[in-house]
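Down below is the structure, laid out as C-alpha cells.
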Amino acid sequence: MDYLAKYTIPFKGLKDGKHEFNFTIDQEFFEHFQQEDAYQVDASVKVTLEKKTLVMTLTIELEGKMNVACDRCLEPFDMEVSGESSVYVKFGEENEELADDVIVISEAVNELETAHYIYELFSLSLPLSFVHPEDEDGDSTCNEEMIQKLNDHSVNGEQIIDPRWNDLRKLIDNN
C-alpha cells in the first residue's frame, strides 16, 4: 500500500456540508517528497472539506514542531511551524490546475489526494532562516558560547585593503 494513500479523502459518498479529517505528518511523510534528508517534524494537520454540488473547498490547517539547526549558532532546537491555506475544487471534463488555489477534477474522480497540498503548505510556512526565538525580554536564546566565538573571529566592519591597490586608487581619485 502506498504510504501517501492515507492522506486521500474519498468524497463521492459524502453529503453536502463540512467534513473534517485529521492527519499527522512526520519524517516518513517527507521522505516521499525529498531526495535529501527528510525534515524531522511532528505536526498535526486538520483538513476541512466543504462539499457543495458544483464546488468543494479544501481548507488545510497545520500546527507542529520541526527540529532544526540554528543558522546562527548551529545548535538544534524545536521550531514552531503553522500555516493555513485553501484550495477550491471545481468539477469539469479533465483534471487541470487553473491557479495555485483552484483545480478542476473530472466528474469520474471519486477521491482527492491531499498529501501534495499538505507538503506545499508546510514548505511555504517555513521561514527563510532558522534562528532561535527571542526570550520574553527580547534577548537571543542562541548558544552564548558559540555567539562569543563568532564575535571573536569577526572583522567588526573594518575593511582590510591590500596595499597594492593604493596606486590604482590614486589614479581613480585624480579623475
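The values are calculated or read from the model by the stated rules, or taken from the named source; none is laboratory data. Quick caveat, the model's predicted, so the values are computed rather than measured. Backbone-built Cβ (ideal geometry, glycine too); neighbour counts: all protein chains shown. What goes into the accessible areas is simple: the full protein's heavy atoms, side chains included, and nothing from ligands, DNA or RNA. Shrake-Rupley method; radii C 1.70, N 1.55, O 1.52, S 1.80 Å.
For Arg72, the conditions (1) in contact with a strand residue (DSSP E or B) (Cβ under 7 Å, 6 or more places away or on another chain); (2) in contact (Cβ under 8 Å) with a residue 60 or more places away in the chain; (3) surrounded by 15 or more Cβ atoms within 10 Å (Cβ to Cβ) all hold with the exception of (1). Go through region 1-55 and give me each residue that's modelled with pLDDT under 90 and of a type in the set (Ser, Thr, Tyr). Tyr3, Tyr39, Thr53 - these are the residues of region 1-55 that are modelled with pLDDT under 90 and of a type in the set (Ser, Thr, Tyr).
Table: residues versus (1) at pLDDT below 90; (2) closer than 30 Å to Phe30 by Cα; (3) not hydrophobic (A, V, I, L, M, F, W, C).
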| position | (1), (2), (3) |
| --- | --- |
| Glu75 | no, yes, yes |
| Lys90 | no, yes, yes |
| Glu96 | yes, yes, yes |
| Ser106 | yes, yes, yes |
| Leu112 | no, yes, no |
| Tyr117 | no, yes, yes |
| Phe130 | no, yes, no |
| Asp137 | yes, no, yes |
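Of Val41, Val45, all but one fail to be in a strand (DSSP E or B), open to solvent by less than 60 Å² (accessible area, probe 1.4 Å) and out of contact with any Leu (no Cβ under 8 Å at 6 or more places or on another chain); the exception is Val41.
Out of region 106-147, which residues are open to solvent by 100 Å² or more (accessible area, probe 1.4 Å) and over 30 Å from Lys12 (Cα atoms)? Result: Leu128, Glu134, Glu136, Asp137, Glu144, Glu145.
Residues in region 7-32 that are aliphatic (A, V, I, L, M) and under 18 Å from Lys65 (Cβ atoms): Ile25 alone.
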